[in-house]
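First the structure, in the form of structure tokens, and then the observations on it.
The values are calculated or read from the model by the stated rules, or taken from the named source; none is laboratory data. Quick caveat: nothing in here was measured; it's all calculated off a predicted structure. As a convention, Cβ positions derive from the backbone with ideal geometry for all residues, glycine included, and neighbour counts pool all protein chains shown. Surface areas here come from the heavy atoms of the whole protein model, side chains and all, with no ligands, DNA or RNA. Shrake-Rupley method; radii C 1.70, N 1.55, O 1.52, S 1.80 Å.
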Amino acid sequence: MATIDDISVSPDELRDRIERLGAVGERPAGGLVRFLYDDAWCAAADLVERWMRQAGLQTRRDAVGNVFGRLPGTTETERTILTGSHIDTVRGGGKYDGALGIVGGIAALAVLKERMGRPRRSLEVVAICEEEGSRIAGNLFGSRGMLGLTSAAETARLTDPDGVSVVDMMTRIGLDPAAVPDAARRDVDHFVELHIEQGPVLDGTGTQIGVVTGIAGMRHQLVTVCGQPDHAGATPMDRRRDALQGAARMAVMIDELARGTGEPTVATVGQMQAWPGSVNTVAERVTFSLDLRHPSDPVRLELLSEIEGRCRALAEHHGLAVEIVDRWEEQAAQMDAGLQQVLADTADDSGFSWSALSSGAAHDSQLWARHVPTSMIFVPSVGGRSHCAVEYTPLEDCVRGATLLARVLYRMAY
Ligand code: GLV
Ligand code: MN
Ligand code: MN
């Protein structure tokens with residue numbers, strides 16, 4: 001009789017696929033750029049679909065470009081357990097974020113099919129079209145599509161920073177923007193995501209597996225500071241209304257507030273742009289982004305209103321105007337307690353060390369958790385580095401994560 005010890009993902013194939021997917025969208029200076037519906041994204045989607053087919057899975061794409069590989073069940077054929085992660089990257093991202101959950105998911109379903117035959121409940125792996133919000137302010141576009149949370153109206157409204165609309169992006173690659181609502185599905189019973197930790201906990205403690213308990217909530221805002229353009233040589237310092245100096249003070253204030261509040265508060269000003277952008281003109285207008293996260297939504301909302309108050313006070317003091325616009329909000333999420341137990345028990349039975357931990361990074365699972373029982377497996381990120389070219393997880397950790405995923409899916413579906 002087969003046991004979970006018979007289920008192990010092959011290291012060679014996993015290594016090869018991480019490297020090959022990690023070369024799609026690689027920039028000469030290092031790091032990946034694989035944005036929703038761009039050429040690298042198309043090549044990556046083709047590649048993973050080919051790997052799904054090679055694994056003997058039934059493949060299909062939906063209306064927003066999510067790619068699925070299905071291992072049909074024998075009895076409960078109408079319902080599905082879904083695994084997978086996102087195929088897009090941040091600008092200059094690494095080759096594990098999102099990608100590991102896809103190649104690990106394909107490997108898990110392949111080994112299950114080969115060693116255990118067909119499951120009782122259907123299993124699917126998905127390469128989710130978009131999670132990062134790198135190209136459009138529409139993060140989690142793929143999962144929102146599957147959960148029926150996108151609309152043709154949103155698609156018509158969204159553009160990238162160059163003004164290219166999602167409608168044009170989709171049309172260019174043969175997707176029908178009006179069909180976006182068709183991506184919705186109601187047959188998914190569970191979502192299980194394998195992902196790198198992206199932080200320092202597992203690596204720092206020498207723990208092999210993270211069983212995720214919850215994911216921090218976040219808000220993205222765009223702050224615009226307006227002052228007055230003036231000559232850099234002829235305008236005395238006390239006559240200036242310098243938008244860049246105001247924005248810089250606000251950015252420092254945000255950093256100090258987050259540090260002063262202490263862990264697990266995190267606040268990031270990752271983008272800043274000045275107009276007119278001349279070396280010899282006082283800046284008239286500056287926009288900057290704010291990304292604020294905390295596992296407690298009430299604490300996070302309180303911090304946001306504190307930041308807003310302090311930005312307004314700084315603006316007033318320096319004779320500036322400030323406008324703050326919300327761009328994205330994702331509430332904190334709890335992972336399913338029963339599935340956390342299955343993960344922990346299966347890790348124990350496999351002899352893998354594990355610890356429970358909460359995620360500061362956002363994930364597709366954050367959204368799925370509000371709709372179906374959801375769980376996440378983390379594997380270590382060396383040095384806690386992620387969203388950069390040096391992001392790295394040793395092969396044995398990737399294999400362990402994918403093997404645990406396969407064993408968990410076995411327990412759920414066979
Ligand atoms: C995505 O990785 C995010 O946490 O913003
Ligand atoms: Mn990411
Ligand atoms: Mn990710």
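Summary of computed values
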quantity	calculated
Per-region count, the range 304-323, residues among the β-branched types (V, I, T) and touching a Cys at 6+ places or on another chain (Cβ under 7 Å)	1
Pairs where the first residue, in the range 58-86, is modelled with pLDDT of 95 or more and the second is of a type in the set (K, R) and within 16 Å of ligand 3 (Cβ to nearest atom), C-beta under 9 Å, 6+ apart	V64/R144
The range 95-124 - residue that is farther than 16 Å from L14 by Cα and assigned to a loop (DSSP other than H, G, I, E, B) and, of those, farthest from ligand 1 (Cβ to nearest atom)	G117
Residue within the range 143-152 that is at pLDDT below 95, more than 18 Å from D88 (Cβ to Cβ) and of a type outside the set (V, I, T) present	yes
Of the criteria (1) modelled with pLDDT of 95 or more; (2) on the phi < 0 side of the Ramachandran plot; (3) within 16 Å of ligand 2 (Cβ to nearest atom); (4) out of contact with any Leu (no Cβ under 7 Å at 6 or more places or on another chain), which one S358 fails	(3)
Neighbours by Cβ (under 7 Å, 6+ apart or cross-chain): first from the range 358-375, touching a residue at least 24 places away in the same chain (Cβ under 8 Å) and more than 15 Å from L149 (Cβ to Cβ); second open to solvent by 10 Å² or more (accessible area, probe 1.4 Å) and near ligand 3 (Cβ under 10 Å from one of its atoms)	A361/Q198
R300 under 30 Å from V225 (Cβ atoms), within 16 Å of ligand 1 (Cβ to nearest atom), among the charged types (D, E, K, R) and under 24 Å from the mean Cα position of the chain (by Cα)	yes
Elements of type helices (runs of 4 or more DSSP H) contained in the range 130-190, each with 1 or more residues being within 17 Å of V67 (Cα to Cα)	141-146, 166-172
Residue list for the range 118-136, restricted to those being over 11 Å from the mean Cα position of the chain (by Cα) and open to solvent by 30 Å² or more (accessible area, probe 1.4 Å)	R118, R120, R121, R135
Segments classed as strands (runs of 3 or more DSSP E), wholly inside the range 207-271, with at least 1 members that are under 30 Å from L404 (Cα atoms)	209-215, 217-226
Residues located in the range 218-234, provided they are open to solvent by less than 20 Å² (accessible area, probe 1.4 Å) and either more than 16 Å from ligand 3 (Cβ to nearest atom) or closer than 30 Å to G351 by Cβ (or both)	Q221, V223, V225, G227
